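The values are calculated or read from the model by the stated rules, or taken from the named source; none is laboratory data. Nothing here was measured: the structure is a model prediction, and the numbers come from that model. Cβ atoms come from the backbone with ideal geometry, glycine included; neighbour counts cover every protein chain shown. Just so you know, the surface numbers come from the protein's heavy atoms only, side chains and all, with ligands and any DNA or RNA stripped out. Shrake-Rupley method; radii C 1.70, N 1.55, O 1.52, S 1.80 Å.
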Amino acid sequence: MTLLDRHLPQIEAYDAIRRFGADPFSMRFDAVLSPTEAEHAGRRVILLGTNNYLGLTFDPACVEASVEATRAWGTGTTGSRIANGSFDGHMAMETALARFYDRKHAMVFTTGYQANLGVLSSLVGRGDHLILDADSHASIYDGARLGHAEVIRFRHNDPEDLAKRLRRLGDAPGDRLIVVEGIYSMMGDVAPLKEIAAIKREAGAYLMVDEAHSLGVLGATGRGAAEAAGIEADVDFIVGTFSKSLGGIGGYLVADIDNFDVLRVVSRPYMFTASLPPAVVASTLKALERMQQEPGLRTQLMANAERLFHGLNAMGFRTGSQASPIVAVAMPDTATALAFWNGLLAEGVYLNLALPPATPDSHPLLRSSVSAAHTFEQIDAILNAFATVGRQMNLLEPQPQRASR
């Protein structure tokens, strides 16, 4: 008997997954050649599961900024900002974020996951009410546990259910904080923020929007779903991450609330985690600048997303309800999903495999994340791979044979 025996069901399930072929949860690339291509097992594959929405991971200006910062400031900070102090880059990053969002304050965390842990555990506590979309990211649920507020879930993207649950609270004491995501990470659907903002105002609640997957994707300037919906004034707190559109790692909070800086000394994840290294801060700052300078990246991203989304639907695959950079195909069962994932890899396409219980409706998903750096030729090659594997597995109708002449 060992401490890990409690995980025997997961161990057995993982062993079964690996018996299907390649391990989807432990992929090892021989080399990453660009934002859209890598080498795996000695052959080139198209990367379709990276969240590299604007394709900035190999941007020369971002790379050079990172190199220069390392030479000037060293490889790391070796401690938290509370203990070891802030570097110029940390301050510049927070100033740039506050200016970008037109907010008074910004706070940078070491990861996006940590941002939700730190913010949610600090904003609400015992006696308060945290109202979450049921499909919220794991970091939101874990942050809720740390904060000890009463957690109330409402049906995914259902404003009426949100309103009903707020009404049930009546005059119960405590603050109410509604938490939603701009774009949801599994199916790529966008939150109905106009309706949610109206309910928030009526209830006298606070609203937090996680723009992790919508930063750089939605809105006239790329600020996200709240900007696209025209309700930024109704959003009290915006969190997000640098690891998607900005091609780095890190998380952030922006807000206008008074006494904002107290969060730095009451947020345990912020206080007790080493701060971002200079190289990451520098590349992220440059990526934020590039994102604002080149709105055409968002246009190309959405063109690629729509090409993939409509192409998969035309073949009969079941996807989400709308085109976004996250395009997920639902599979009937885990065995089919594993076989299809391995089939796509054999055809030179790498994407994400998402299995229950991490998926919204208990269906396994083949999850794609499109990049502005993908070419139409690569998108068409991906569609051809889906068609080939789909026919091999008898999931698609066979193509009609042309009559010979």
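Run down the lysines and flag those whose C-alpha is under 21 Å from the C-alpha of Lys200, throwing out any fewer than 8 positions away in its chain.
Lys164
Please state the charge dipole magnitude for region 1-116, taken about the Cα centre, from unit charges on C-beta atoms (+1 on K and R, -1 on D and E), reported in debye and rounded to the nearest 20. Intermediate results must be reported in sequence, preceding the final value.
Values: 11 positive and 13 negative charges, 43 e Å.
Using Cβ point charges on Lys, Arg, Asp and Glu, region 1-116 gives about 200 debye.
Tell me, what % of the accessible area of the chain is carbon and sulfur with a 1.4 angstrom probe? Please list the in-between numbers first.
Values: 9580 of 18510 Å².
On the chain, the fraction of accessible area on carbon and sulfur atoms equals 52 percent.
Hey, what's region 135-226 come to in accessible area per residue, 1.4 Å probe, Å²?
41
Mind giving me the FRET efficiency for Val67 and Ala381? R0 is 45 Å, r the Cβ-Cβ distance, nearest 0.05 is fine.
E(calc), rounded to 0.05, equals 0.85.
At 1.4 Å probe radius, can you tell me the per residue accessible area of region 61-129 in Å²?
46
Starting from the amide H of Glu37, placed 1.01 Å from N in the peptide plane, find each other amide H under 5 Å away whose residue is 5 or more places distant or on another chain.
HN-HN under 5 Å from Glu37: Leu47.
What lysines sit close enough to Lys286 to cross-link, taking a C-alpha to C-alpha distance under 28 Å and skipping anything fewer than 8 places away on the same chain?
Lys286 reaches Lys104, Lys244.
Quick one: among Leu395, Leu48, Leu132, which has the greatest mean-square fluctuation in a GNM of the chain with alpha-carbon springs under 10 angstrom?
Comparing Leu395, Leu48, Leu132 in a Gaussian network model of the chain, the most mobile one is Leu395.
With n ≥ 4 as the cut-off for DSSP H runs, can you work out [θ] at 222 nm for the chain, using -39500 (n - 2.57) per run divided by the number of residues, rounded to the nearest 500?
Roughly -12500 deg cm²/dmol at 222 nm, from the helical runs in the chain.
I'd like the trypsin sites (Lys or Arg not before Pro) in region 14-80 restricted to DSSP loop residues with at most 14 other Cβ atoms within 10 Å, sorted by number.
Listed in order of number, the matching sites are Arg19, Arg28.
What whole-number value in Å² describes the accessible area per residue of region 227-378 for a 1.4 Å probe?
37
Between [x] 1.02; [y] 1.14; [z] 0.96, which matches Cα Rg over 2.2 N^0.38 Å calculated for the structure shown?
[x]
Compare the Cα positions of Gly188, Phe100, Gly49 along the charge dipole of the chain (+1 at Cβ of Lys, Arg; -1 at Cβ of Asp, Glu; about the Cα centre) and return the one farthest towards the positive end.
The listed residue farthest towards the positive side: Gly49.
As a test of the definition: which semi-axes, in Å, follow for region 1-149 when you take the square root of five times each eigenvalue of its alpha carbon gyration tensor? Largest first, please. Don't skip to the end; give the middle numbers.
Numbers: eigenvalues 206, 172, 56 Å².
Three semi-axes, in Å: 32, 29, 17.
Would you work out the charge dipole size for the chain about its Cα centre, treating the Cβ of every Lys and Arg as +1 and the Cβ of every Asp and Glu as -1, and quote it to the nearest 20 debye? It would help to have the intermediate numbers written out before the result.
Values: 36 positive and 45 negative charges, 91 e Å.
That gives the chain a dipole magnitude of about 440 debye.
Mind checking which of Gln293, Ser243, Leu308 is farthest towards the positive end of region 237-314's charge dipole, using Cβ charges of +1 (Lys, Arg) and -1 (Asp, Glu) about the Cα centre?
Leu308
GNM on the chain, C-alpha springs below 10 Å: top fluctuator among Leu33, Leu246, Leu366?
Largest GNM mean-square fluctuation: Leu33.
Which Cα, out of His213, Gly390, Phe260, lies furthest along the positive dipole direction of the chain (beta carbon charges, K/R +1, D/E -1)?
Towards the positive end, the residue furthest out is Gly390.
Between Ile238, Ile152, Ile178, which gets the highest mean-square fluctuation from a Gaussian network model of the chain, Cα cutoff 10 Å?
Looking only at Ile238, Ile152, Ile178, the largest GNM fluctuation is found for Ile152.
Starting from the residue with the highest accessible area, list His105, His148, His137 in decreasing order, probe 1.4 Å.
Accessible-area ranking of His105, His148, His137, largest first: His148, His137, His105.
Between Ile152 and Arg391, 0.36 nm times their residue separation minus their Cα-Cα distance comes to what?
Computed gain between Ile152 and Arg391 is 81.7 nm.
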